[in-house]
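J.: This structure is in structure tokens; I'll ask about it shortly.
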Amino acid sequence: MTLPVIAIDGPAASGKGTLARRIAQVLGFAHLDTGRLYRAVGLAVLKRGEDPTDPAAAQRAVEALDLSLLEDPDLRSDTTGGAASKVAAIQTVRDALLDFQRNFAAHPPGGKGAVLDGRDIGTIICPDAAVKLFVTASPEIRAKRRFLELQAQGSTRTEEQVLTDIQTRDARDSGRAVAPLRQAGDATLLDTTHLDIETAVARALEIVRAGLGVT
Ligand code: DC
């Protein structure tokens, strides 16, 4: 039996991670935040003091990937996010992570269904997903949300610096030759620019339920 897969893609800080987690909770599906895989590879390269844009260094890191890095406190930092975005542009890194993601989607823990979020879930990883969402928001609002999050963690980065980081990452993730960030033809667009998180979750759940044919 094929289990339902929900694919959620979108740019950095669009809210897709929160939406994916909440949808998975409500439906009792397993959730995979695929950005964490690329972050673990980026962090491994940084910890070795190597350059995340160097394909050989990234290849070594993905081959010897230490899964305990998924729990590293630095995994969610913006520096790691930048390194993740760089290693993610390297084809061999994407190839090495492909089977793990497809396997999770086909055999999700719990056996009910899977929610995967990332950049290429609806286009490359799970092109046959039952429901595809493309979550976006204006760069300015994404920067504001991320800035407030970082500020609460004691960061001294300014909102302008956070906006620049987001624009750089958007350009790299959308402009790369391999598996660029783009909305799948059959994905539903959810623009969260003017939505608070609860409204966005409610709207996403409506789209998912309609797509799965459940009420
Ligand atoms: O979603 P995130 O910010 O944790 O992702 C970090 C980086 O990883 C992102 O800038 C691009 C890359 N990524 C990707 O290329 N493909 C995915 N499916 C998930 C993330």
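J.: Before anything else, pin down the relative contact order of the range 50-152: Cα pairs under 8 Å, at least 6 apart, normalised by residue count, whole percent. Display every interim value, and only then the final one.
T.: Working: 42 pairs, mean separation 21.0, N = 103.
Reported as a whole number, the value is 20 percent.
J.: How big is the gap, in Å, between the Cα center of the range 179-215 and the Cα center of the range 26-52?
T.: Cα centroid to Cα centroid, the span is 23 Å.
J.: Then there is this: Taking 8 Å as the Cα distance limit and 6 or more residues as the minimum spacing, I'd like the relative contact order of the range 36-75 as a percentage. Working shown, then result.
T.: Numbers: 32 pairs, mean separation 20.5, N = 40.
Rounded, it is 51 percent for the range 36-75.
J.: Something else: Which shape class applies to the range 39-149: rounded if a/c is under 1.5, otherwise prolate when a/b exceeds b/c and oblate if not, where a ≥ b ≥ c are the square roots of the Cα gyration tensor eigenvalues?
T.: Numbers: a/c = 1.72, a/b = 1.14, b/c = 1.50.
Note, shape of the range 39-149 comes out oblate.
J.: Size of the dipole of the range 80-197 about the Cα centre, Lys and Arg at +1 and Asp and Glu at -1 on the beta carbon, nothing else charged, in debye to 20?
T.: Numbers: 15 positive and 15 negative charges, 42 e Å.
Charge dipole of the range 80-197: 200 debye, to the nearest 20.
J.: Dipole of the chain, Cα-centred, from +1 at each Lys and Arg C-beta and -1 at each Asp and Glu C-beta, to the nearest 20 debye?
T.: 240
J.: Let me ask you something else. For the chain, calculate the relative contact order in percent as a whole number, restricting contacts to Cα pairs under 8 Å that are 6 or more residues apart. It would help to have the intermediate numbers written out before the result.
T.: On the way: 349 pairs, mean separation 70.5, N = 215.
RCO, the chain: 33 percent.
J.: Rounded to the nearest 500, what is the 222 nm mean residue ellipticity of the chain from helices alone, with -39500 (n - 2.57) per DSSP H run of 4+ residues and division by all residues?
T.: Values: 8 runs with 107 residues, N = 215.
Result for the chain, helices only: -16000 deg cm²/dmol.
J.: Based on the mean of other beta carbon atoms within 10 Å per residue, what is the order of 50-56, 120-126, 65-71, 21-27, most packed first?
T.: Numbers: 50-56: 15.4, 120-126: 24.3, 65-71: 12.6, 21-27: 17.9.
Per-residue mean Cβ counts within 10 Å order the peptides as 120-126, 21-27, 50-56, 65-71.
J.: If you don't mind, there's one more thing I want to ask. What order do you get for 198-204, 31-37, 136-142, 98-104 when each peptide is scored by the mean count of other beta carbon atoms within 10 Å, highest first?
T.: In decreasing order of mean packing, 198-204, 31-37, 136-142, 98-104 become 31-37, 136-142, 198-204, 98-104.
J.: With a point put 7 Å past each Cα toward its Cβ, work out how far Leu67 is from Arg182 in nm, to one decimal.
T.: About 3.4 nm separates the two model spin labels.
J.: Extending each Cα 7 Å along its Cβ direction at Met1 and Thr53, get the distance between those two points in nm, one decimal.
T.: Here the answer is 5.0 nm between the modelled labels.
J.: If you scale each eigenvalue of the Cα gyration tensor by 5 and take the root, what three semi-axes come out for the range 1-102, rounded to whole angstrom and sorted largest first? All intermediate terms of the calculation are to be shown ahead of the outcome.
T.: Values: eigenvalues 129, 46, 28 Å².
They are 25, 15, 12 Å, listed largest first.
J.: By a straight-distance test (C-alpha under 17 Å), which aspartates and glutamates pair with Lys47 as possible cross-link partners, with residues fewer than eight away in the same chain excluded?
T.: Within the straight-line cut-off, Lys47 pairs with Glu63, Asp66, Glu71, Asp72, Asp74, Asp78.
J.: Skipping prolines and chain starts, which residues have an amide H placed within reach, meaning under 5 Å, of the one on Leu190, given they are 5 or more residues away or on another chain?
T.: Phe134, Val135, Thr136
J.: Please report, to one decimal in angstroms, the Kirkwood hydrodynamic radius of the range 1-52 built from all distinct Cα-Cα pairs. Spell out each step's value before the answer.
T.: Working: mean 1/r = 0.0769 Å⁻¹.
One over the average 1/r among Cα pairs gives 13.0 Å for the range 1-52.
J.: If you don't mind, there's one more thing I want to ask. Between Gln153, Gln59, Gln161, which gets the highest mean-square fluctuation from a Gaussian network model of the chain, Cα cutoff 10 Å?
T.: Gln153
J.: Next question, about the same structure. Hey, how much of the P(r) for the chain falls beyond 30 Å, as a percent of Cα pairs?
T.: Details: 4539 of 23005 pairs.
Tail of P(r) above 30 Å: 20 percent of Cα pairs.
J.: I need the shape label for the range 150-215. Rule: rounded when a/c is under 1.5, else prolate if a/b > b/c, else oblate, with a, b, c from the alpha carbon gyration tensor. Don't skip to the end; give the middle numbers.
T.: Working: a/c = 3.42, a/b = 1.40, b/c = 2.43.
Oblate, because a/c is 1.5 or more while a/b does not exceed b/c.
J.: Next question, about the same structure. Report, as a whole number in µm² per second, the diffusion coefficient that Stokes-Einstein gives for the range 87-215 at 25 °C and 0.890 mPa s using the Kirkwood radius over alpha carbon pairs. Please report the intermediate quantities before stating the final value.
T.: Details: Rh = 16.6 Å.
Here the translational diffusion coefficient equals 147 µm²/s.
J.: Starting from the Cα gyration tensor of the range 100-141, multiply each eigenvalue by 5, take the square root, and state the resulting semi-axes largest first in whole Å. Mind showing how you got there, number by number?
T.: Details: eigenvalues 109, 24, 17 Å².
Semi-axes (√(5λ), whole Å): 23, 11, 9.
J.: Just to check I understand the Karplus step: with θ = phi - 60° and J = 6.51 cos²θ - 1.76 cosθ + 1.60, what whole-Hz values come out for the range 108-116, glycine and proline as x?
T.: Karplus values, whole Hz, x for Gly and Pro: x, x, x, x, 9, x, 9, 10, 10.
Read the figures in this text as sums done on the coordinates, not as results from a lab. Bear in mind that the values here come from a model prediction, so they are computed numbers and not experimental data. Neighbour counts run over all protein chains shown; Cβ positions are idealised from the backbone, glycine included.
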